[in-house]
Amino acid sequence: MPLFATKLTLAGGALYVAYDSGLLGNGKEGSVALGRAKDAFPPAVEEWMKYFGFQLPATPKIEFSPLDAWNSGVQKSFHALSVAPSTASDYTKQGLQYVKDLTK
Amino acid sequence: MSEKELGQKWDRCLADCAVKFGTGLGLGIVFSVVFFKRRTWPIVFGTGLGLGMAYSNCQNDLRSHYVLQSKVAKEQ
């Protein structure tokens, strides 16, 4: 009986902590909880590193951002399409000028 | 709904999905260790519950823009 009561307390406590920190709520609470976890993660890692006495290698900084690059293909394609007529006319004029210069 | 609003909703959905997955996994592990002699099924069940909650939240969030919400004046 005491063992079962201990188990019940442990499981109930874990469930209560999850409920209290907003982990089981709606989407807004979930994203707030994720933000809090992200903010708390680096100091926690640093404290653990100090406790165990070793240094983790520094994370390499990646310049690429998927968020910014997501639509870049579509944007570049449509930019190329929008300037295509003027670019084509420029190249045609240059080509005709070159041919004229050759025939002089 | 504007594209910016839709993007924010999707961001919230993904964040909530990650949180609920982790919570479900964690609680599943706790229950598996404490009550069910370290079997796998409570962990899978907990993870599934978390993902289901995240899906339901996402669905409500994305639909909320189109659902009529009445505000009934509270009678004093």
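Values for this structure:
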| read-out | value |
| --- | --- |
| Test: residue B:22 is in a helix (DSSP H, G or I), touching a residue at least 24 places away in the same chain (Cβ under 8 Å), more than 13 Å from chain A (Cβ to nearest Cβ) and open to solvent by less than 50 Å² (accessible area, probe 1.4 Å) | no |
| Any hit, region B:52-65, residues being in contact (Cβ under 8 Å) with a residue 40 or more places away in the chain, part of a loop (DSSP other than H, G, I, E, B) and either more than 13 Å from chain A (Cβ to nearest Cβ) or surrounded by 12 or more Cβ atoms within 10 Å (Cβ to Cβ) (or both) | yes |
| Test: residue B:4 is within 14 Å of chain A (Cβ to nearest Cβ), loosely packed, with under 15 Cβ neighbours inside 10 Å and either in contact with a Lys or Arg (Cβ under 8 Å, 6 or more places away or on another chain) or closer than 30 Å to residue A:71 by Cα (or both) | yes |
| Residue match in region B:28-48 (condition: without any contact (Cβ under 8 Å) to a residue 40 or more places away in the chain, outside any helix (DSSP H, G or I), exposed (fewer than 12 other Cβ atoms within 10 Å of the Cβ) and within 12 Å of chain A (Cβ to nearest Cβ)) | yes |
| The lone exception for residue A:24 - which of (1) surrounded by 10 or more Cβ atoms within 10 Å (Cβ to Cβ); (2) of a type in the set (A, V, I, L, M, F, W, C); (3) modelled with pLDDT under 85 it fails | (3) |
| Unique residue being hydroxyl-bearing (Ser, Thr, Tyr) and either in contact with a Ser or Thr (Cβ under 9 Å, 6 or more places away or on another chain) or not assigned by the TED database to the domain that holds residue A:14 (or both) when the list is A:77, A:31 | A:77 |
| Residue count for region A:22-74, restricted to those that are closer than 23 Å to residue B:20 by Cβ, of a type outside the set (D, E, K, R) and free of Cβ contacts under 8 Å to residues at least 12 places away in the same chain | 17 |
| Of the criteria (1) facing chain A (nearest Cβ under 9 Å); (2) touching a residue at least 60 places away in the same chain (Cβ under 8 Å), which one residue B:11 fails | (2) |
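Yes/no matrix, rows are residues, columns are (1) aliphatic (A, V, I, L, M); (2) open to solvent by less than 80 Å² (accessible area, probe 1.4 Å); (3) closer than 30 Å to residue B:16 by Cβ:
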{"site": "A:36", "(1), (2), (3)": "no, no, yes"}
{"site": "A:41", "(1), (2), (3)": "no, no, yes"}
{"site": "A:45", "(1), (2), (3)": "yes, yes, yes"}
{"site": "A:69", "(1), (2), (3)": "yes, yes, yes"}
{"site": "A:84", "(1), (2), (3)": "yes, yes, no"}
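The values are calculated or read from the model by the stated rules, or taken from the named source; none is laboratory data. In this text the structure is predicted, and so the values were computed from the model without any measurement. Heads up, the Cβs are rebuilt from the backbone with ideal geometry, glycines too, and the neighbour counts pull from every protein chain shown. These accessible areas exclude ligands, DNA and RNA; they are computed on the full protein's heavy atoms, side chains included. Shrake-Rupley method; radii C 1.70, N 1.55, O 1.52, S 1.80 Å.
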